Amino acid sequence: MKRLFFLALAFAYCAAAFSAEEGDDAVELSLTEAIRLAQLQSVDAAVALNELRTAYWEYRTHQADQLPEVNFTGTLPAYSNSYGKYQQADGAYTYVQNNWLGLSGKISADQNIALTGGKVSLSTSLDFTRQMGAGAYSEYMSIPLGLTFTQPIFGVNRQKWLRRIEPLRYREAKAAYIESVENVTLAAISYFFNLLNAKENLSIAYQNLENADKLYEIAIAKRKIGHISESELMQLKLSALQAKGSVTEAQSNLNAQMFRLRAFLSLGEGDSIVPVMPEKTPPFRMDYNRVLEKAIENNAFAKRIMRMQLEADFQVATAKGNQRSIDLYASVGYTGQDRIPGEAYSRLRGNQIVEVGVSIPLLDWGKRKGKVKVAESNRDVLLSKNKQEQMNFNQNVFLLVENFNNQAGQLEIAEQADLIAERRYLTSIETFLTGRINILDLNDARTSKDDARLKHIQELYRYWNYYYNIRSVTLYDFLSDSSLDADFERLSR
């Protein structure tokens with residue numbers, strides 16, 4: 001009868017074991033949903049989006065520089081009533097009065113020439129001057145049509161270089177945005193598993209407390225019939241007290257981790273979250289060469305290296321172009337002048353200006369040559385650093401692939417160990433109740449069960465962490481076999 005009594009108590013414990021108390025208003029949250037909320041609502045995602053918008057409008061500004069620009073300039077009005085020094089024919093100076101009112105306006109269409117680095121402008125203008133005072137009169141000067149061309153000769157073609165650099169910079173920014181979103185994903189995974197781990201710790205603490213209380217009640221009955229010693233009874237009572245302290249500590253940690261996840265996901269403080277254990281994915285292995293190919297193809301790192309090399313070449317070309325400077329300025333058109341507005345557009349005369357400006361240093365003690373050498377040295381240093389960074393990047397990809405492939409096996413082992421440790425613990429309880437093992441063996445089974453459960457969660461976290469790290473490096477989802485992308489035009493506006 002005593003044996004049946006103890007087994008009945010053990011059965012009642014097993015029926016209630018491993019159940020955690022959860023509030024009715026708690027909301028279950030999967031890992032996928034946590035990632036989605038983080039990408040939509042987190043502060044880090046908003047920062048990444050603002051950085052993308054900055055890059056987008058910088059690129060739009062560059063594109064606008066390649067298109068014709070229509071400008072209006074004018075003076076509306078200019079008035080002067082002053083005296084100025086004037087030199088007469090005999091060399092003597094006198095002061096004359098300037099008393100006039102002027103208006104001017106000019107409309108021009110300007111176009112940068114990417115092929116040559118020059119600029120061409122088509123313009124029309126009208127100037128009005130009113131001489132004030134005695135004998136006042138008005139006069140108009142028109143330039144109905146004027147064509148102006150400026151061209152640096154032997155200098156660096158800035159437009160050509162920018163047309164190569166700026167599109168690459170924008171592609172780099174788009175890749176960097178997706179990487180930032182993936183970094184948000186990694187942060188969400190960390191917060192999610194911290195909460196999941198805290199939840200399991202609390203569940204374990206409740207289970208251990210319930211177990212300790214029941215075993216202590218059973219131990220009191222066993223002590224009365226002399227099946228256990230007083231020392232073993234006190235040890236079980238001490239375990240029950242320690243279990244109560246563990247529940248309080250686990251509850252406090254759960255509240256802290258839930259607050260961190262809520263804050264990261266921009267959820268309300270009243271929201272209660274219950275993390276759901278992620279499902280196990282079908283086992284698959286990643287190939288290093290394919291992962292590296294996707295990383296080089298999509299990652300901002302490769303684009304950044306190309307951009308930095310182009311910028312270094314641009315600096316060298318600029319330094320070489322500054323060794324000498326020859327600028328061509330040419331303006332052709334027609335002009336007219338009269339005291340009647342309409343007549344200022346008749347009897348037009350030619351208006352041509354051609355200037356060639358030259359700046360060639362005859363003796364600068366090697367200053368300009370030194371700037372060229374500095375730019376070339378900086379380029380060589382950059383190339384060496386980029387080569388080293390490329391090697392480190394490849395190594396990082398290799399380690400991520402190796403860790404992910406190994407982690408699949410570790411996760412499988414941890415999952416099996418969790419199930420075995422749980423079965424061993426339930427068996428140990430029954431065995432302890434029948435008196436075939438002592439309290440030390442029971443405590444060892446309980447500790448192994450708790451450690452195996454937490455180890456399972458930790459290995460699951462590492463599995464997903466490695467996988468999303470590979471996603472953030474390659475910008476490629478290997479589960480769906482598709483590239484990560486976004487509607488950049490919509491996001492940037």
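Overview of results
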item: His227, sole failed condition from (1) modelled with pLDDT under 85; (2) surrounded by 14 or more Cβ atoms within 10 Å (Cβ to Cβ); (3) part of a helix (DSSP H, G or I); result: (3)
item: Verdict on Ala240 being part of a helix (DSSP H, G or I), of a type in the set (Gly, Ala, Ser) and in contact (Cβ under 8 Å) with a residue 24 or more places away in the chain; result: yes
item: Residue list for segment 72-86, restricted to those being surrounded by 10 or more Cβ atoms within 10 Å (Cβ to Cβ) and either touching a helix residue (DSSP H, G or I) at 6+ places or on another chain (Cβ under 8 Å) or touching a residue at least 24 places away in the same chain (Cβ under 8 Å) (or both); result: Thr73, Gly74, Thr75, Pro77, Ala78, Asn81
item: Single condition Lys119 does not satisfy, out of (1) open to solvent by 40 Å² or more (accessible area, probe 1.4 Å); (2) in contact with a Leu (Cβ under 9 Å, 6 or more places away or on another chain); (3) assigned to a strand (DSSP E or B); result: (2)
item: Total residues in segment 243-268, condition free of Cβ contacts under 8 Å to residues at least 24 places away in the same chain and more than 36 Å from the chain's Cα centre (by Cα); result: 2
item: Condition met for Arg423 (closer than 20 Å to Ile204 by Cβ, open to solvent by 20 Å² or more (accessible area, probe 1.4 Å) and either at pLDDT 90 or above or in contact with a helix residue (DSSP H, G or I) (Cβ under 9 Å, 6 or more places away or on another chain) (or both)); result: yes
item: Long-range neighbours under 8 Å by Cβ, at least six apart or interchain, first residue touching a residue at least 40 places away in the same chain (Cβ under 8 Å) and closer than 30 Å to Thr318 by Cα within segment 138-161, second in a strand (DSSP E or B) and of a type in the set (Lys, Arg); result: Phe149/Lys119; Thr150/Lys119; Gln151/Lys119
item: Any hit, segment 399-409, residues being in contact with a helix residue (DSSP H, G or I) (Cβ under 8 Å, 6 or more places away or on another chain), closer than 30 Å to Ile296 by Cα and open to solvent by 80 Å² or more (accessible area, probe 1.4 Å); result: no
item: Scan of segment 461-493 for residues that are farther than 18 Å from Asn406 by Cβ, open to solvent by less than 30 Å² (accessible area, probe 1.4 Å) and of a type in the set (Ser, Thr, Tyr), ordered by number; result: Ser472, Thr474, Tyr476, Ser492
item: Out of Glu279, Glu269, Glu210, Glu249, sole residue that is outside any helix (DSSP H, G or I) and within 23 Å of Arg453 (Cα to Cα); result: Glu279
item: Residue within segment 342-350 that is acidic (Asp, Glu), farther than 30 Å from Leu162 by Cβ and either modelled with pLDDT of 90 or more or in a helix (DSSP H, G or I) (or both) present; result: yes
item: Test result for Asp127, closer than 24 Å to Val354 by Cβ, open to solvent by less than 50 Å² (accessible area, probe 1.4 Å) and either in contact (Cβ under 8 Å) with a residue 60 or more places away in the chain or among the charged types (D, E, K, R) (or both); result: no
item: Residues located in segment 359-377, provided they are over 45 Å from the mean Cα position of the chain (by Cα) and open to solvent by 90 Å² or more (accessible area, probe 1.4 Å); result: Ile360, Leu362, Leu363, Trp365
item: Residue in segment 269-290 that is more than 35 Å from the chain's Cα centre (by Cα), of a type in the set (Gly, Ala, Ser) and surrounded by fewer than 12 Cβ atoms within 10 Å (Cβ to Cβ) present; result: no
item: Where a residue in segment 447-475 is more than 27 Å from Tyr206 (Cβ to Cβ) and its partner, wherever it lies, is small (Gly, Ala, Ser) and open to solvent by less than 20 Å² (accessible area, probe 1.4 Å), with Cβ under 9 Å and at least six apart; result: Ile470/Ala295; Val473/Ala295; Thr474/Ala295; Leu475/Ala175; Leu475/Ala295; Leu475/Ala300
item: Options Ile273, Ile296; residue that is of a type in the set (Val, Ile, Thr) and more than 30 Å from Asn406 (Cα to Cα); result: Ile273
item: Residue satisfying all of: in segment 304-338; basic (Lys, Arg) and at pLDDT below 90; surrounded by the most Cβ atoms within 10 Å (Cβ to Cβ) among these; result: Lys320
item: Selected residue (only one of Ala64, Ala89, Ala109 is loosely packed, with under 14 Cβ neighbours inside 10 Å and under 22 Å from Val354 (Cβ atoms)); result: Ala109
item: Inter-residue pairs, beta-carbon under 9 Å, first touching a residue at least 60 places away in the same chain (Cβ under 8 Å) and in segment 51-66, second of a type in the set (Lys, Arg) and open to solvent by less than 80 Å² (accessible area, probe 1.4 Å), 6+ apart; result: Leu52/Lys174; Ala55/Arg169; Ala55/Lys174; Tyr56/Lys174; Glu58/Arg169; Tyr59/Arg169; His62/Arg169
item: Neighbours by Cβ (under 8 Å, 6+ apart or cross-chain): first from segment 299-328, part of a loop (DSSP other than H, G, I, E, B); second open to solvent by 60 Å² or more (accessible area, probe 1.4 Å) and basic (Lys, Arg); result: Asn322/Arg368; Asn322/Lys371; Gln323/Arg368; Gln323/Lys369
item: Residue, farthest from the chain's Cα centre (by Cα), within segment 189-223, restricted to residues that are open to solvent by 10 Å² or more (accessible area, probe 1.4 Å) and among the charged types (D, E, K, R); result: Arg223
item: The lone exception for Gly135 - which of (1) farther than 28 Å from Gln63 by Cα; (2) assigned to a strand (DSSP E or B) it fails; result: (2)
item: Verdict on Ile143 being in contact with a Leu (Cβ under 6 Å, 6 or more places away or on another chain) and either open to solvent by 30 Å² or more (accessible area, probe 1.4 Å) or not aromatic (Phe, Trp, Tyr) (or both); result: no
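The values are calculated or read from the model by the stated rules, or taken from the named source; none is laboratory data. Keep in mind it's a predicted model, so treat the numbers as computed, not measured. Backbone-built Cβ (ideal geometry, glycine too); neighbour counts: all protein chains shown. SASA here: full protein model, heavy atoms, side chains in, ligands and nucleic acids out. Shrake-Rupley method; radii C 1.70, N 1.55, O 1.52, S 1.80 Å.
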